[in-house]
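Values quoted throughout were computed directly from the atomic coordinates according to the rules given, and no laboratory measurement underlies them. These figures come from a predicted structure and were not determined experimentally. Methodologically, a virtual Cβ is constructed for each residue, glycine included, from the backbone with ideal geometry; neighbour enumeration extends over all protein chains shown.
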Amino acid sequence: MKKNIFSRLLAVTLCGMMVLTGCSSPKTEENTAVEADGQKNTEGEEAEEESERTGKGITIRMLTRTSGADSAVPILEACKKEFQERYPDITFQDESINDSVAFDNQFKADIASGNVADVIEWPGLSVMKPYAESGVFLDMTEVIKQDEDIKNNVDPSLIDMMNLSGVGVEGIYALPKNISMEVFYYNKDLFKKAGIEKLPETWDEFYEVCEKLEKIDVIPWSMGTKNPWRATHLLNAIIYRLSGADKGAKLGSGEAKWTDDDIVEAFAFIQDLADRGIFGDDYQGIDYETEKQRFMTGETAITLDGTWRVGELKDIEESVGTFRVPYFEDKEEFSKHDVAYPIQFELGGHLKDDPEKLSYASEFLFLYVSKELQEMALYEASLIPARTDVEIDNSRISPILAEVLEYRNAQDVVFGSDIWSYDTNASAENFLGDAMTGALNGMTAEEAAKQMQDSLDAAR
C-alpha cells in the first residue's frame, strides 16, 4: 500500500515537472506506448496489492446477542470462517452475550470505558438516536450506498427503519440481517372440529371463528398479559391495520400523538376483544410461557406470535397453520401492513477514523447478509432473510415458515416494527406496557392513550 501511494505521488510530481518545463508537445507513438505500459503497471500493482490483503494486524471486536443456544450461532461461525479464509491473518475477538441484561450491561460498560466494539448487534430503532448523536454508532449511509449488492437486494423498507432522519439525525445507523414477522398460529384439528372451513381475513370473520370455537368449549385465544408486551404486540398489529405501518414513525417524530383518534380506537378494540371473552377469563393472570403451553396442548386454538416460535412448534408443525392479522373492512388498504422485528448490526462510530478496519468490518457484515449466508440462515435456522432475492425451496423448511414467507414475499407488503421503538425515549416500551395494562384494568381507552402521551411528555 505504501509503495502504491508513493508511486502515485511520484507520478503526480513528475507530471507537474513536465508541465512546468513546457512538456505539452503532441504525443508520439513511442511516448503513448510508454504511458500505456505505465498505466498497465499501475493497474497491475493495484490488483496485486488487493490480492495481498490478509487482514494482518486487524482485530475485529464483536458484541452481539448471537451466542450460546441462539439459532443464529452456526450462521455467524460460518461467516467468520469464510471471512478468515479470505483474510487468514485477521483476528476476531468475539465477546457476544445472549442474555439481554448482561449484553446491555456490557454495552454500557464499553461506552463508559471508550472501548466500543467494532461490530455490534444492538436492538432498537429510534432509541439509537443518542448513540448516533454521540458517535457510538457509525452512519452507514455511504458504506451501504457503495455496495451494489446490498443496496439492490436488502429489503428497502427494512433499511428505512434504520434511518434516523425522522428523529432529527441524518443517516442510516444499522444494517438489517434478519427479521421476525408476527402472525396468527392456529390449531388445524380444533378448527376442523369446530367446523371452520375458511380462515378469517377480516375482523368480523375472526369473531365468527371465535364463536365456533367457543361452541366446542375451546378458549379461542389465551393471551398471557401478565407479561405486558403480549398486549403491546397486539396493539402494534391493530394500529398498523387501522392507520398504516408509518404510524410508528409519525409518533416517534411528533407528527402524531398517542391521543390521536386512531390510537384510542386501537386501545378500545383490544378492550372489546377482552370483553367478548375471546382471551378467556384468566388472561391477566397468566404469562407468556403458560400461553405457549396452552396452545401446544390444544387448550386454546389461536395464538399471535413471532416467527421465533417456528422452531418450538416443530413437533406439532403438521397440525399448525397460520393466517395474517385480519384487516378492517373499511381499511383494506392496510391489509398488508405487517409487524416485523428487524435484527440488525451496527458498526462502532470510531471506525470512521480507521478506514482500513472499517473496510474489513463492513465487508464482514455484507458477507453475513450475502445471498449464500441468508439462504443458510433460512434453511438451517428458520430465520427470515432481510434480502428480497433469496430463492425459497419449501421442501427444505418448516411448512409453517413456508406459509409466513408467502406473506413476507407478497406484493405491496409494508413493514413496521414495535410501535414504541420509533420513540427516542428508552422507557417508551415500559410506558406503553403500563398504559395497556391500565386499559385492561378499568381505564377507558382515552385515559390509557393519554397516560402514554403524558408519560412520554414528562420524560422529555
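In the chain, the longest principal axis of the Cα atoms and the axis of helix 73-86 are about 10 degrees apart. The angle separating the long axis of helix 355-368 from the principal Cα axis of greatest extent in the chain is about 40 degrees.
Think of each Lys and Arg Cβ as +1 and each Asp and Glu Cβ as -1; about the Cα centre, that makes the dipole of the chain roughly 600 debye.
Based on the Stokes-Einstein relation at 37 °C and a viscosity of 0.692 mPa s, and on the Kirkwood radius from alpha carbon pairs, region 220-293 is assigned a translational diffusion coefficient of 249 µm²/s. How would you classify region 243-395 from its alpha-carbon gyration tensor, with a ≥ b ≥ c the square roots of the eigenvalues: rounded for a/c under 1.5, else prolate if a/b is greater than b/c, otherwise oblate? Oblate shape, in that a/c is at least 1.5 and b/c is the bigger or equal ratio. Compared with the dominant principal axis of the Cα atoms in the chain, helix 203-215 is inclined by about 50°.
Calculated FRET efficiency, residue 315 to residue 69, Cβ-Cβ distance, R0 = 25 Å: about 0.90 to the nearest 0.05. Apply the a/c threshold of 1.5 to the C-alpha gyration tensor of region 317-457 and tell me whether it is rounded, prolate or oblate. It is oblate, given that a/c is not under 1.5 and a/b is not larger than b/c. Taking 17 Å as the straight-line reach from the Cα of residue 80, the aspartates and glutamates in range (excluding those fewer than 8 positions away in the same chain) are 70, 89, 94, 95, 118, 121, 346, 363, 372, 375, 380. With θ taken as phi - 60° and the Karplus curve 6.51 cos²θ - 1.76 cosθ + 1.60 applied, the whole-hertz 3J(HN,Hα) list for region 342-348 is x, 10, 9, 10, 10, 10, x Hz, x standing for glycine and proline. Computing P(r) over Cα pairs in 20 Å bins from 0, in percent for the structure here picks out one of (i) 21, 48, 21, 7, 2; (ii) 21, 50, 26, 3; (iii) 25, 58, 17, 0, namely (i). In the chain, helices alone account for a calculated mean residue ellipticity at 222 nm of -14500 deg cm²/dmol, with every DSSP H run of four or more residues adding -39,500 (n - 2.57). Region 147-221 and region 378-401 have their alpha-carbon centroids 16 Å apart. Pairs of Cα atoms nearer than 8 Å and 6+ residues apart set the relative contact order; for region 325-460 it is 23 percent. Of the residues 350, 233, 337, the one with the fewest other Cβ atoms within 10 Å heads the list, and the complete ranking is 350, 233, 337. Using the Karplus relation 6.51 cos²θ - 1.76 cosθ + 1.60 with θ = phi - 60°, the per-residue 3J(HN,Hα) values for region 189-197 come to 5, 5, 5, 5, 4, 7, x, 8, 9 Hz, with x marking Gly and Pro.
Listed peptides 62-68, 104-110 appear in the order 62-68, 104-110 once ranked by packing, highest mean of other Cβ atoms within 10 Å at the front. Residues 258, 308, arranged from fewest to most other Cβ atoms within 10 angstrom of their Cβ, appear as 308, 258.
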